[in-house]
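Dropping the structure in here first, questions after.
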Amino acid sequence: MARTQSADYAIRREAIVDRAAELFAERGFLGASIADLADALKTSKSLIYHYYDSKEDILFDVMHSHVKALLDAAEAIAAKPLAPEEKLRALTHAFVELYVDAAARQRVLLNELSRLPEEQRKTVVGIQRRLIEIVEKTIAELRPELSGRAALKRPSAMLYFGMINWMHTWLDPEGKAKPQRIADLAVSTFLDGIEKAELP
């Protein structure tokens, strides 16, 4: 028999995912139990199981909601008639803003992906690959010769992500260097490098 959904069903699921992201980021997926999550939410395990069948399903929503938000932003920017430099700058600002606003989810994504069941992991990885493809295409527009250099095309995109993916480990959103200034610094550093880099 299908579960009856209350009017605030989606809101309650989001609250579970928000708190789970924080717990998984703090303690690791294996270090945080459903009982811990229930305690943090001041609710019962049975109520959590009303919304989710398993802890892995919660973990999937933590990651999927995050990568989907990144992809939605990236696809919207990719569809705009922007110069490659402007497009990469817009992508970087969007990514950094989402990383800062969802630092716990970003940490969980980077640290706990292997904990997902295979099919769920494939879904998340598929979205990640689409994000990489968007950045690859933008970089190839900056350096057209990369289009025919498959061995360097993906590494160029991964070097870009390497600059920004771990910002949650050191960036203080309330510090003197604001996230968007760091985004500008990152994209300027990458642009100066990619435009002058020798391609072996």
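It is to be established whether one or more residues within the stretch 45-58 are open to solvent by 70 Å² or more (accessible area, probe 1.4 Å), without any contact (Cβ under 8 Å) to a residue 12 or more places away in the chain and not small (Gly, Ala, Ser).
yes
Let me ask you something else. Val67 - would you say it is under 18 Å from Arg13 (Cβ atoms), touching a residue at least 24 places away in the same chain (Cβ under 8 Å) and in contact with an Asp or Glu (Cβ under 9 Å, 6 or more places away or on another chain)?
No; evaluated as a whole, the condition is false for this residue.
Scanning the stretch 98-142 for residues that are more than 23 Å from Gly193 (Cβ to Cβ) and acidic (Asp, Glu), which turns out least open to solvent (accessible area, probe 1.4 Å)?
For the stretch 98-142, the residue satisfying everything is Glu112.
Kindly evaluate Leu37 against the criterion of being touching a helix residue (DSSP H, G or I) at 6+ places or on another chain (Cβ under 8 Å) and open to solvent by 40 Å² or more (accessible area, probe 1.4 Å).
When the stated conditions are applied, Leu37 does not pass them.
Could I ask something else about it? Taking the residues in the stretch 170-188 that are without any contact (Cβ under 8 Å) to a residue 24 or more places away in the chain and assigned to a helix (DSSP H, G or I) as candidates, determine which candidate is surrounded by the fewest Cβ atoms within 10 Å (Cβ to Cβ).
Result: Arg181.
Still on this structure, I have one more. Looking only at residues in the stretch 70-89 that are small (Gly, Ala, Ser), closer than 21 Å to Val124 by Cβ and without any contact (Cβ under 8 Å) to a residue 40 or more places away in the chain, which one is least open to solvent (accessible area, probe 1.4 Å)?
Ala73
The values are calculated or read from the model by the stated rules, or taken from the named source; none is laboratory data. What you see is a predicted model; the values in this text were computed from it and never measured. As a convention, Cβ positions derive from the backbone with ideal geometry for all residues, glycine included, and neighbour counts pool all protein chains shown. Areas reflect the complete protein model, heavy atoms only, side chains present, ligands, DNA and RNA absent. Shrake-Rupley method; radii C 1.70, N 1.55, O 1.52, S 1.80 Å.
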